[in-house]
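The block underneath contains the structure these notes are about, expressed in structure tokens.
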Amino acid sequence: MVRATSSKRIAVMGLAAVVAALSGCGPLPPEAVQQLQQGQRHYEAGKYVEAVKALDGFLAGWGGTDAAAEAYYIRGQSYLKLGQPKRCRADLERALTRCKRPDLCARVHVALGSMDWAAGHTSTAVDHYRRALPELPDRSPRDIVLYRLGVGLQQAGKWSQARQHLAELVGGYPASPVITAARLRFSWTYEYFTIQVGAYSSGNSAAKEVERLRKAGLNAEKQLDTRSGRPLHAVRVGHYPTYAEAERGLTRVRRVSSDAIIVP
């Protein structure tokens, strides 16, 4: 499965944003604001154990306030940095049930989506990313979210929806770390996956490979492709609407050609 090359996590909000958010969620005593800000500062400084302790104190005293959503979010990110994904997810889910600010809810959805993506749970990751996208500003990680939505929707066979997200990424984020992979997927004009056995500069060589594969019982074909500005003759097997179907087909093809891969 092709994944985005970036492993970026969603950054927690800056201190100024935290203070601004607190002003809209009812009065908090100064010590509460201080604990929340302290947890934020510790996180930003890479002191994740200290961040957890500060936010434990905040949640013990003010866990019933709207600001608890922010605290759960930052503490969850701290747990993730400490290698405790179960605690991270629990806190992020608590944050999601408490948050009332669309921007924070979006950040929580992206964080949960990133965990699901890393675990290979593409469909649930896509659901989180789709919920987050309307509130994400036009800067990173919106580009990463767009790419993963494109990949995930292609894998589910939702090709036109995937193309919309990839188009926004290709058109709006030329410096994105995933732009090369996004362009390759966006340039794929078919609404199916296929299994590529090889790519040849010679049409005759490609035709011989097609013949070999067909004798082995595979529905092979030759397609003209372009790579680095020069034409290539790709030899491919099958049309699969979803990635899961292509994976099943790949098992059979690799019995005949061990280097076969799924494209796009």
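The values are calculated or read from the model by the stated rules, or taken from the named source; none is laboratory data. Keep in mind the model is a prediction, meaning the values are calculated, not measured. Methodologically, a virtual Cβ is constructed for each residue, glycine included, from the backbone with ideal geometry; neighbour enumeration extends over all protein chains shown. These area figures cover heavy atoms from the full protein model, side chains too; ligands, DNA and RNA do not enter into them. Shrake-Rupley method; radii C 1.70, N 1.55, O 1.52, S 1.80 Å.
How much of the accessible area of the stretch 106-264, probe 1.4 Å, is carbon plus sulfur, in whole percent?
Percent of accessible area from carbon and sulfur atoms in the stretch 106-264: 48.
Please give the contour-minus-distance gain from SER160 to GLU191: 0.36 nm per residue of separation, less the Cα-Cα distance, rounded to one decimal in nm.
Between SER160 and GLU191, full extension yields 10.3 nm more.
Please give, to one decimal in nm, the separation of the simple spin-label points placed at ALA175 and THR124, each 7 Å out from Cα toward the Cβ.
The two pseudo-label positions are separated by 3.6 nm.
Give me P(r) over the stretch 172-264, computed from all C-alpha to C-alpha distances, binned every 5 Å, as integer percentages.
3, 14, 22, 22, 19, 12, 5, 3, 1, 0
List the lysines whose alpha-carbon lies under 18 Å from that of LYS208, not counting same-chain residues fewer than 8 positions away?
LYS222
Taking just the alpha carbons, could you work out the radius of gyration and Dmax for the stretch 115-235, both in angstroms?
Calculated on Cα positions, Rg and Dmax stand at 17.5, 54 Å.
Would you please calculate the Kirkwood hydrodynamic radius of the stretch 211-258 over all C-alpha pairs and express it in Å, rounded to one decimal?
After inverting the mean inverse Cα-Cα distance, the result is 11.9 Å.
Determine which aspartates and glutamates satisfy two conditions relative to LYS100: a Cα distance under 16 Å, and not lying fewer than 8 residues away in the same chain.
Answer for LYS100, where 16 Å is the Cα cut-off: ASP66, GLU70, ASP91, GLU135, listed by chain and number.
Taking the 0 to 90 degree range and rounding to the nearest ten, how far is the long axis of helix 48-62 tilted relative to the main principal axis of the chain, both from C-alpha atoms?
50
So for the stretch 58-152, Kirkwood radius off the Cα pairs, Stokes-Einstein at 25 °C and 0.890 mPa s: how many µm² s⁻¹?
Answer, rounded: 183 µm²/s.
Tell me the per residue accessible area of the chain using a 1.4 Å probe; a whole number in Å² is fine.
Dividing the accessible area of the chain by its residue count gives 50 Å².
Under a plain spin-label model, where a point goes 7 Å from the Cα along Cα-to-Cβ, how far apart in nm are ARG41 and ARG254?
With each label point 7 Å from Cα toward Cβ, the separation is 5.3 nm.
Using a Förster distance of 41 angstrom, determine the FRET efficiency expected from the C-beta separation of GLU135 and LEU224, and round it to 0.05.
0.45
Order THR97, THR194, THR242, most accessible first, counting only protein heavy atoms with a 1.4 angstrom probe.
THR97, THR242, THR194
Straight-line reach from LYS47: which lysines fall under 26 Å, measuring Cα to Cα and dropping same-chain residues less than 8 apart?
Result set, ordered by chain and number: LYS8, LYS81, LYS86.
Where the centre of each part is set by its Cα atoms, how far does the stretch 136-205 sit from the stretch 215-253, in angstrom?
17
Expressed in nm², what is the orientationally averaged projection area of the convex hull enclosing the Cα positions of the chain?
Seen from a random direction, the Cα hull of the chain projects 15.6 nm² on average.
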